[in-house]
Every structure is written in C-alpha cells, then in structure tokens.
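Trainee: Take a look at this one; I'll ask things after.
All of the numbers you see were taken from the coordinates with simple rules; none came from a lab. In this text, all values refer to a predicted model and were calculated from it rather than measured experimentally. Glycine gets a Cβ as well: all are built from the backbone with ideal geometry, and neighbour counts include every protein chain shown.
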Amino acid sequence: MITAHHLTKSYETPGETVHVLQGLTLDLADGSTAAIVGPSGCGKTTLLNLLGALDKPTSGSIEIDGLDIAQLSEPDAAAFRNHRLGFVFQQHHLLPQLNVLENVLVPRLAGDWEEPPTTTQERATELLVKVGLQDRLHHLPWQLSGGEKLRTAVARALINQPKLILADEPTGSLDPASTDQVADLLLELNRDQGVTLLVVTHNHALAQRMSRTFELKAGQLHTASS
Amino acid sequence: MTPIAFIRRGLVHYRGSYLGVLAGAALGAMVLLGALFAGDSVKETLRTVAEQRIGWVESVLVGGENFVTRDLADRLDAAPVLQLQAQVNAGRASAGQVDLLGVDDRFWSLGTGPSIPPGLDGDSFRINHTLARQLDVGTGDSLVVRLRKPSLLSSDAPLSGDTEELITLRGTVSAILADDQMGRFSLRSSQLPTPLLCLPIERFAEAIEQPGKANLLLSPKPIDPEKLRASMTLADYGLHFEPIPLADAVALRSNNIFLPPAIEAKARETFPGARPVLTYLANTVAANDRETPYSMIAGIDASPVLPDDFKDDEIVLNSWEAEDLAADPGDEVELTYYVLGGNNQLDEESATFTVRSIIPLEGLAADRKWMPDFPGIAEAESNADWSPGLPLDLTRIREKDETYWDDHRGTPKAFITHRAAAKLWQNRWGSLTGLRMESGLAGRSSELVAALTPTDAGLTIRNIRAEASSSANSPTDFAGLFLSMSFFLILAAVGLTAMLFRFNVEQRNRESGLLAALGVPAKRILRWRLTEGFVVVALGSAIGLLLAIAYTRGLLAFLETIWSLDGDRLFHFHMSPASVAGGLAGFVILVMSTIGFVTRRQAGRSAGIRLESGTEEVIRSRSTRAPWVALVALLVGIGALAGSKAMGPQGGFFLAGFAFLVAGLAAFVWRLRRRQFLPEEAVDPAGMAAINTTRRPTRSLVVTASLAAGVFLVISVAAFQKHGGDEWKDKASGAGGFAFWIETTSPVHRGSGKKGLELQADPPADLLPFRVGTGDDASCFNLNAVARPRLLATDVSRLEGRFTVKNTVDDLPVSWLAVHRTHDPDGAYLPAFIDETTLLWVLKKKLGDTLIYTDDAGREVPVRIAGTLAGSVFQGSLVVDERAFLQRFPKASGYRLFLGETTGMLETDRTQYQQAFTDLGASITTTAERLAAFHSVENTYIAIFHVLGGLGVVLGAAGLGLLTARNLAERREEFAMLRTLGIPDEVRRSIILRESARYILWGLGIGLLAAIISILPNLPGSGRLLTLAWIAALVVVIAANALFWAWLGYRRTRLA
C-alpha cells in the first residue's frame, strides 16, 4: 500500500539547513494499521504531509498503490487526495457555516466526482449514522461536542471511500472516554472496510491499539517497542 | 505600563492596519469640509461682489426714464449719473447691452479700492475689464458708442415722435477700471459683471439732449425721503410753466407731454381754477364730402374761447377749417384719429360732432400754444417734415395745409370739450397736455411741489446696500448642496473607516481575550480601543482639513465653468472658523459614533471565545423583523407611486424608488437569515458561495447595501441629465416651438412696417415681442437671491398651446388663459406665469403667492403666481399679459425681447434676423442654445454628483475588496483544509469570486430596480435612449469596478 524509500526532507533556514527526514523508509500493507509516535518537532506532521501529497520530499520516493505521489503535479496531487485519501485533523476543521451533513459532503466540492450527488449524500448519512451522529445531521459545528466534531471529521474523511486514512493527532483534544470511542471507530472502519490507517499521535494508548507502531527519531522510523 | 503607554504602543504596533482608518477619515473629512468650504467661498464671493457692485453707495434715487436735475444731486450730496444702455464697437468687435454711465468726479470717490484720479473729460472713456475683454481693447483704443436717443414720452404713445434717432459717440479709452474702482458698478443683483463704459456726464447729457439732467443719484448716505421731497423742484418732477401771452396765462406742462395722472390730480387740487387742455392730432376732419388732413384738435374747457353751454357732442371750427370744409353751424363733422389699441397697435377710430359755431382765427383761437411740443412735429419746418411716430400719408398734405402750418403752426383747427377729448384720446400716459391758469398762479408752484411726492414722477429711493446684502444670500445653499451631493461619499468613507477599524479590533481579539482573562474589564478594553480610534480619526481629519483646501479650490474652479464669464476668476476660497470647527467636530463625532456602534458588541464577548479564535463566527438568527420591514417599505413604495400626483411625480417616484430599495435590502436580509440549503448545494461552488454569504449577514448587508445605494443614487440622478436635441421644434417643449431668442439693447417699437415692428429689415418669420419690465434675472445663472424676477409682458393669447403649463391657480384650466381668469374681480393682482424650477428653488414660493413690485407711479403692484411652466426658455422671469402690464407700467417703452419663428433654415434665418435687428444691439441665440445653457447648469450639478457619488461607489466597492481580503484572511484554515481535501484551486477561487459576485448582483439588482422605478417619470422624450444608454454604461462600470476590487482583495490574500 505505502512504500516510502530513502525519504528525505530538508528546510532551508537563514542559519542552517534543517534535515527533518533523513532516508526514511516505510512499508505498510493494505488494510494494516500503524501509528507513528515521537516527540514534538521530530517531523511526524512533515511525514504525514508527504504521505498525503501535501508536500514533496527533498529526495526519495513515495508509492501509494503503485503511484509515485512525489512526482504528481499539484492538480494531480489534489485529485489524488480528493479521491484516494481520507484526512482526519486534530482541530477537525469543520466549516462553521455548514451543518454536519454538509461538512461531510465538502470533498465533493472538487467537482469531478462521477457518482450522483444523491448517492454521496446517502453514503454521508450512512457514515454519520455509523459514527453515531444520526441525530446531529443538521447541527452546526458550534453545536457539537469535541468528540462529535471529530466523528464528523472522520465521516468526512471516509466520504470518498479512501483506501488510506491519515490521521494527525486525531484525539489530541479529547478526553480519555472520547479517545477510546474514536479509536474504536477508526479500527472498526479498518476492520470492516479494509481501510489502511496511519495515525500520528502522542497518545500511547491509541498507538498501542494499532497493529504496528513506529517511532520517528533522528529523521528515521524505528519500530517501537511495545 | 500605563493605559496611555499601552494605547501608544498599540497605535505604533498596528500602524499598518490603522493606515486605512487614517486614509478613510482623511477622505471623509476632506469631502465634508470641502462641501462646507465651498458654501463659505460662494457666500463670501457673493458678499465681496455685492460690495464691489455698489462701492460706498448706500442708497440711490432711481429715475429710470425720468430725468431729474443735477442740482438735486448737489442738494442731496449725491453723485449724479446718467445711465442708459448702448452698443459699443471697437473695429469689428461689438458688445451689446453695455451700461453707459455719464458721471462726474463725485462718482469715482464711491469706489472702495485705490482712488482713480478724477478728470474724465473730453472724448475719453473709462471702461471695465469685462468690456475691455469683450472688445479686446486697452487704454488708447478708440470706441464707438451707439444708442437710441431716449424719448421723454413712451415711444408707444401716439405723437411720441420718431424713435429711430440714433446717437453716436466716439472716444478713446483712458483707463480700465478695476472691480473696486466702480468697474463692477451695477444695480442688478448678479455675480456676473456687466460691461460698463463711463463718460463725462455733460457730454452724455448734451448728446441725448438732456443737458443738466441725470436719471440716477448715488448717495454714500441713506437718502432721507423727507429731505428728498423738500429738495425736489418743479423741474425735477419734469414739469414747467409755459407762458401763454395771448391769454395772460401760464400752462403747466410735463416734459412727457401728457401730465401723469397722479400729478394731474394734485395739480388740479392745488390750482382749482386751472383749465385742462388735451390737444391731439386728427388724421382727418371731414364734412360735406370734404376733408382736411392732419389737423390739431384741442379739447378745452368752454370759457373763454367756447360758448358757455358748449356740449360734448359739439365742435367749434375756426374760420380756416370751416372754409376748407364748407361747413356751417349744425353740420356734422367727422374726426378720424389714431388711438392705441388693446394690443398696443395703432387703431384708427372716428367720432362725429355737430358744428356749434365758427370762430375767427384770431385771439385765443389763434393761439399756437394750445399744442404742446409734440416730438417730431413742434420743431418741423413744414408739414412734410413731420415725424410724429404715427403712420402718416404725407402725400395728402396740400399746399394750403403747408401755408396754414407756415402761418399758424399747430394752432388747433377745431375745439371740442376737454371731457369729449379725454373720452377719445385719454391714454395710459394721461389725459392732459396742459393745465392752463392765470399767470399769477405760477408763483405758487411751490404749493404744487409741496403736494407732490417723488414717486409721482416715478422716482424711487432704493436702499441699495440692504438690497445688495440680502441678494448676496444665494438662494442655493451651496454648503447644503455639496453636502447632499457628497452624502454617499461621506457615508462610504465613514463606513469604510469603521469597517477597517473593526477589522483591527477583530484582529486583536486574542489580545482582548487575554486582557479579559487577566481581569481587565471588557468595557475598559473597548474604551482603550476607541481611544486609539479617536487619535487616528482626529489625525485623519486634520489631514482631511488640509486636503479640503485643495479639494474646494478644485470644486470652485469647476463651478466657475458655469457662473463665470470667459474663464474669469469668480470664486475666492474662504473657510469660516465655524465651518472648520463645526465640520471637524461633526465629522469626528460621526465617525466615532459609527465606530462605537460597530464595535460595541466586542465588549460583550467572553474571553474564552476570543482566546479560542481570532475571529467571531456569527450564527444566523431567524429574525422576524426583516419581512415586516420589507412589507412596510413595499407598501410605502406603492403608496408613493399612487400619491405621486399629489406630491409631484419626481418626488413621488423618488420616494417610491427609495422605499423599494429598503424593501429589497430587507428581503435580502430575510433571505440571508431564512434560506435553507440542500446538502447537494454545499458541494457546488455556487451553492457554497451562497451559503458563505449567509455566514455573516451584517457584513453581507453592508456590502450589498452600499452597492445598492450607490447604484440607486447614481442612476436615479443620471435620469435628471438633460439632453439637447430637436425638442425645441415641439410646441409643448421648453422652447414653445420658437427657434430664436432675441434680446436687444434698445427697445423696438411698433411701427407701420411688416409685423408691426420698427426693424431695419423684414424678419424671416413671425416674431412674438415681449416688453421687459423691472426685476432681475432669476435664472440658474444668477447666484444671487432675487426677490423680484424680471417681468416679461406679451400678448399671452399668442402663447396658448405653446410650452407646457404644469399647474394653474384656483383650479383653473391648465392653460395660459388662466392669466385672464384668476379670481381677482378687482384686478388688484397682476397674474403671472413662471418656470416651476424658478418658483421652487429660487423664489422658494408656491402657486398663488404674490411678489410685490413697484409701478411707474411708485405704487405697490402685487404680482400673483397664476401658473407654472415646465422647464422653459423663460427660466428666471415672470411672464405676464401685456395689456395688464401696461396698465401698471404705462411708461414701459417698446420691446426688448423677441421669440422668433423659423422658416426651417436656421442659419439663413439667423442672418436675416441679424439684419432686421441691426443697430439695436441685439443678441440672437437659438432657443435650443438657451435651453442647453440652462441644462448645462443642471448637468454640471449632476456631473459633480456623479463624480462624488461615483467616488462613493468606488469606495463602497473598495470595501467589498477589503471584505473579500478580510474574509480570506479569516478563513485561511478553512481554505487550507479544502486544499488538503484535494479541492482544486479553481474551485476555491470560484467559491470566493462567486461570493463577491453574489454581493454585486444583489446590490446591482436591488439598486437598479429601485432606481428604474424612481426615474420612470423623468425619462425624457427625445433623450430617453441616450439616458438609458448612459445608465447601462453606469451599471457596467459599477459592476466592473466592484468586481475589480473583489478581485484585488482576492489577489492580496489568495491562498495558493
């Protein structure tokens, strides 16, 4: 599913060149789950941005389903994200002007979806039912709790039926109970729909529920000890 | 850290974002103060001009066509002036309607500027700059002055003599008079200088055969009416006693031939035994199939010439006449004579008398002095030299008639009673040509003088300083006018300033939240913010004050294109302390109130929310007020349409348009708050844009409302734009179907020529003549306040079916005939028609109101507004019926204004008219040119409004750009998320631009709809297409401008 080889990412700063990733390698099979942990500033989000085609590596390759996303043009990268990936953010980033159902449908804004809108809408409703928000379809974000917001964001991440979900600190702002609920949800999706799940987190409990855990250290991934 | 230090640090740190607030405040203050300064400048200029116009003169004695002795000026310590109008030529250059002033050295001391040395003598002229420029002459150049010799008796009167006598004066320009050296002297209330030429009064008086006379006395002190009355002599009243040796009597005579009725009454009262005489010219005396041409007939009291029981239907012939007619007592004699008909045409009438007796041609019957010195007759060598101003057939004069003239001059050939004569020949100038009395009574002339008042001789005292001072108060409040024209721009500037300030406050939300979390009361935080705002707004206003000085000068320069002559500087910049202080204070209060209003909610926010987010999300509330506001506004609009007849179509439709604007905006708000979206709409850029516009309803409303209001104002005013074109041909147009407007320096009289007017050549088409009465030009070209517009008198029946009569008084039919039918059985009023705009905006009167004029005898004449006209060539004047006018102003002499028809060949006709009006100092313009000139004033106002309103629209659109930029900045994370989700750039751009497009479309749509309703009645006939094209162009420009600013806002903050 994901094969990253010799991945490096450097940033030029006025004083020096910061090497965030240094020859990183990652192989992740279809339908697997993995967590990446590491201290703040170690490059977790940078890695997630590279895997999500939001950024390009300084060198190395990233293949997702056989597609070298490091070589994609910006429009192709956007199309890739829109159709193949699901993102879950710590801050949820729900659009305040849209209700829950509409927020889930936002990816369709890209405009080149082949399926009829009603199909997407039906699926959105199903997803929201699945994440337990059947009573919140027409609520605006400010009317939701943190867990509900996150669940909405998860439903939004699934609306394009992705093979891969990238989650960046998805439970960072949740209490332990909500964290468990979200973890259950993500793993259930992985189990039921075969979605590959890659979670970047500080939360060891969440990380331990993934089949594999990597620690990002000195720009490279190391299999973490349980 | 003290609050002051905190505020100062805030100002310095956020100076970049405060720059916009500063600029907005500076712009708003500039426009507001500029409007006030423009008002100050116009007011001050008019005051200065008024002072220059009259110099040190305090009051004047105006004689007009009545002359007083210059000795009277000595007795009153006044400067005597002989004032007439003339045409002045220099080579090929010519200037008409030049004020010709005969003056002596006393005149120069009345100037307020550096004294000009006395010594205007010989054939030297002093002229003002206006005339110098018109003729392109300077000192040392030669000028030729041409004018008609003034007639003592109105040239309309029968026996007033030939009026064609042209006087030519040649001279050299010895000085050009500055404005404050009496170069601007004029009694007319106008800011425009009159071309002026001064010459020695003695020379002028000799030339017009009025030696020792003046018709205007200028006094640097108020003229005391009692002192004037006490100083008047018989000569100042135009009266004299003529010895009648044959009768050992004297005759009281008037220089005007006919004794004015007021003087006659007092003279008869003073000299009860005096005997009236009315001598007149009979064209034919006929009896027994024989006739005598052109004979004087005297109407006198019986004694001592006629039998005591002489009756009114009897006539006494002298022996010469009896012999000529072979008439005997008892025979019937028919007299044929000219009288002035109702239309001021000479009509030939006749009357029959029975011969009572024949008297020998001797003694009193042979007294030549029965005949007054009729001009054109008295001085004639022979009958053939007569030029009495009547159409005579001199071929009828026989040898014996010449012999009679040689031997007996104007000795009457027949006598009738004075009562009979008065019945036949009394006219508006009087019924006596003399009042005979014993010679001893002449010594009692002082009794008569004591009984008379100066007004009996048509002399009036005018407090010219008070008049000038009151006329300097322009009926147009320029400060108010410019404020109203700048209204939208000021509003836009204030709105923009407030919006930018609020952005700054929002930008610092986290800071405010932190302060609140640390325990600083929210109100105190708001106060600190507002203090920062005050400092910035005050500084911006101070910059605006400096800019306003330059801005006002620009405005004044633009205004001078209308009200100045030949690019002359007219307006002088002036700013009053009250305007500076009031304007600045008012503007700062306005801006601070607006800022306070838009940021007031900041104080109520919790610190938590502020710390959470830099911006505040507005949650849609389901206000129920908007639909009610929309409904009420809609009803008001419909009501205004229905009541447009009562309140006038323009006012009604404008109100309706404004109401629909409010209704449209309320509907917009309702839609923003109520609209429910389908989920699939959220996945379409257009639907997403629509959802986003409902996100912050207040911001959406501000942008849409400013665009809608801008479109409404700019377009509804555009419809008032006047277009020229061929509308003058339409009889219902402002030109009444007439092609030419002709004004002459010298009056034209009725004669025996074609069209009944004494012209140099036949005019190419019909002319409608107007007498020009007293009063000032009250058209839009005159900035001064005019209490009495110029009276134009004509045969109003000839105007029937022409022009557009808008309203008439007393529910009379809407027609010119209302002039004759006003409910005024006593004839106390002189009914008049006036342009509606002059009535409303210059006089500020209404239909049925009266204006007080003074007639020839010094009595008050109330002129009642009987009807109003749609915008016409008569703007600034009152049109009255000639017959009624002449009853009050019998001395009005001749016609000085003409409306000319055309044969269809305008240029050929213009040339022919020029030939016909040669030597009359005529200015000939087409009515289309005249109307276009009036329109140019209105169009200039509209142009200024468009510039200012347009700037307001640009500013409003700039607000849209700022809002776009602000929205984008606030929604960075949102767009970043969309990007993460793989939403392409084009879609995101499309959402943003569609949001702006929605504001623009709503704004344009609401504004345009309201504007179109408001302009429906104003869409002119022939210019409709042009107006619509202009409106369409405006809409396109406004839309493009708004899109441009939105795009600029997008460009500034777009998220790659």
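Trainee: Show me the helices of chain B, taken as full DSSP H stretches, that run 24 Å or more along their long axis by Cα and average -1.0 or above in Kyte-Doolittle hydropathy.
Mentor: B:15-54, B:478-507, B:522-563, B:577-599, B:625-642, B:649-674, B:697-718, B:927-970, B:985-1015, B:1024-1053
Trainee: If you don't mind, another one. Any chance you could run the full-extension gain for B:E206 through B:R569? It's 0.36 nm times the residue separation minus the Cα-Cα distance, nm to one decimal.
Mentor: This chain segment gains 126.9 nm when fully extended.
Trainee: For segment B:325-392, what does the alpha-carbon gyration tensor say about shape, rounded, prolate or oblate, given a ≥ b ≥ c as the root eigenvalues, a/c under 1.5 as rounded, and a/b over b/c as prolate?
Mentor: Here segment B:325-392 falls in the oblate category.
Trainee: Once you put a point 7 Å from the Cα of B:S797 and another 7 Å from the Cα of B:R527, both along the Cβ direction, what distance in nm separates them?
Mentor: Distance between label points: 8.3 nm.
Trainee: Quick one: if you stick a label point 7 Å off each Cα along the C-beta vector at A:E114 and B:E269, how many nm between them?
Mentor: Result: 11.7 nm between the two label points.
Trainee: Rounded if a/c is under 1.5, else prolate if a/b is larger than b/c, else oblate: which is chain B, with a ≥ b ≥ c the root eigenvalues of its Cα gyration tensor?
Mentor: prolate
Trainee: Sticking with this structure for a sec: First measure r as the distance between the Cβ atoms of A:D76 and A:S145, then evaluate 1/(1 + (r/R0)^6) with R0 = 41 Å and state the FRET efficiency to the nearest 0.05.
Mentor: With a Förster radius of 41 Å, E is 0.65.
Trainee: Another question about this same structure. For B:K43, list the lysines whose Cα falls under 20 Å from its own Cα; do not include residues on the same chain fewer than 8 positions away.
Mentor: Within the straight-line limit of under 20 Å, B:K43 reaches these lysines: B:K844.
Trainee: Another question, if that's okay. Under 23 Å Cα-Cα from B:K227, which lysines qualify once same-chain neighbours fewer than 8 residues away are excluded?
Mentor: Straight-distance partners of B:K227: B:K213, B:K266.
Trainee: What is the spin-label model distance, in nm, from B:I167 to B:R290 if the labels are put 7 Å beyond Cα along the C-beta direction?
Mentor: The modelled label-to-label distance comes out at 4.6 nm.
Trainee: If exposed means no more than 15 neighbouring beta carbons inside 10 Å and the site is in a DSSP loop, what's the longest run of chain A without any exposed GluC sites (Glu not before Pro)?
Mentor: Counting only loop sites that pass the neighbour cut-off, the longest clear stretch is A:115-226.
Trainee: Still on this structure, please answer the following. Using helices alone, what [θ] at 222 nm do you get for chain B, with -39,500 (n - 2.57) per DSSP H run of 4 or more residues, divided over all residues and rounded to the nearest 500?
Mentor: Value at 222 nm, helices only: -14000 deg cm²/dmol.
Trainee: Percent relative contact order of chain B, based on C-alpha pairs within less than 8 angstrom and at least six residues apart?
Mentor: Relative CO of chain B lands at 15 percent.
Trainee: Using only helices, what value at 222 nm comes out for chain A when you add -39,500 (n - 2.57) per DSSP H run of length 4 or more and divide by the total residues, to the nearest 500 deg cm²/dmol?
Mentor: Counting only the DSSP helices, I get -10000 deg cm²/dmol.
Trainee: If you place +1 on the Cβ of every Lys and Arg, -1 on the Cβ of every Asp and Glu, and leave all else neutral, what size is the dipole of the protein assembly as shown about its Cα centre, to the nearest 20 Debye?
Mentor: Magnitude of the dipole: close to 8280 debye.
Trainee: Please express the shape of segment A:88-226 as an equivalent ellipsoid: the semi-axes are the square roots of 5 times the eigenvalues of the C-alpha gyration tensor, given largest first in whole angstrom.
Mentor: 27, 17, 13
Trainee: Which listed residue (B:T270, B:A365, B:M296) has the Cα farthest towards the positive end of the charge dipole for segment B:235-451, taking +1 on Lys and Arg C-beta and -1 on Asp and Glu C-beta about the Cα centre?
Mentor: So the residue we want is B:T270.
Trainee: Farthest toward the dipole's positive end in the protein assembly as shown, which of B:F738, B:L424, B:L459, given Cβ charges of +1 (Lys, Arg) and -1 (Asp, Glu) about the Cα centre?
Mentor: About the Cα centre, the residue reaching furthest to the positive side is B:F738.
Trainee: Can you give the mean number of other chain Cβ atoms that lie within 10 Å of the Cβ atoms in peptide A:87-96?
Mentor: 4
Trainee: Given B:P890, B:A857, B:G876, which one lies farthest toward the positive end of the charge dipole of segment B:843-911, if we put +1 on the Cβ of every Lys and Arg and -1 on the Cβ of every Asp and Glu?
Mentor: In segment B:843-911, that residue is B:A857.
Trainee: Which order do B:H129, B:H749 fall in if you start with the one that has the fewest other Cβ atoms within 10 Å?
Mentor: The fewest-first ordering by Cβ neighbours comes to B:H129, B:H749.
Trainee: Go ahead and run the numbers for FRET between B:E226 and B:E349, Cβ-Cβ distance against an R0 of 45 Å, rounding to 0.05.
Mentor: 0.50
Trainee: Moving to a separate point now. Tell me which trypsin sites (Lys or Arg not before Pro) from segment B:305-391 have a DSSP coil assignment and no more than 16 other beta carbons within 10 Å of their own.
Mentor: Answer in residue order: B:K311.
Trainee: In straight Cα distance, which lysines are under 20 Å from B:K845, not counting same-chain residues fewer than 8 positions off?
Mentor: Once the sequence-local lysines are set aside, what remains near B:K845 is B:K645, B:K806.
Trainee: Between beta-carbons, use under 11 Å as the cut-off and find the net charge around B:L259, counting Lys and Arg +1, Asp and Glu -1.
Mentor: +1
Trainee: So, counting K/R as plus one and D/E as minus one, what does the shell of residues with Cβ under 14 Å around B:P272 add up to?
Mentor: Local charge sum for B:P272: 0.
Trainee: Using Cα atoms only, what is the angle between the long axis of helix A:176-193 and the major principal axis of chain A, expressed in degrees (0 to 90) to the nearest 10?
Mentor: 90
Trainee: A follow-up question, please. If r is the Cβ-Cβ distance from A:S61 to B:E560 and R0 is 60 Å, what FRET efficiency results, to the nearest 0.05?
Mentor: That pair, A:S61 with B:E560, gives E of 0.20.
Trainee: As an exercise, identify the GluC sites (Glu not before Pro) in segment B:325-376 lying in DSSP coil whose Cβ has no more than 13 other Cβ atoms within 10 Å.
Mentor: B:E362
Trainee: Can you pull the mean other chain C-beta count within 10 Å for peptide A:73-79?
Mentor: Mean shielding count: 3.
Trainee: Moving on. Among B:L768, A:L206, which comes first, second and so on when ranked by fewest other beta-carbon atoms within 10 Å?
Mentor: B:L768, A:L206
Trainee: Here's something else I'd like to know. Which net charge results for the neighbourhood of B:D289, defined as the other residues with beta-carbon distances under 12 angstrom from its beta-carbon, given Lys and Arg at +1 and Asp and Glu at -1?
Mentor: Its environment carries a net charge of -3.
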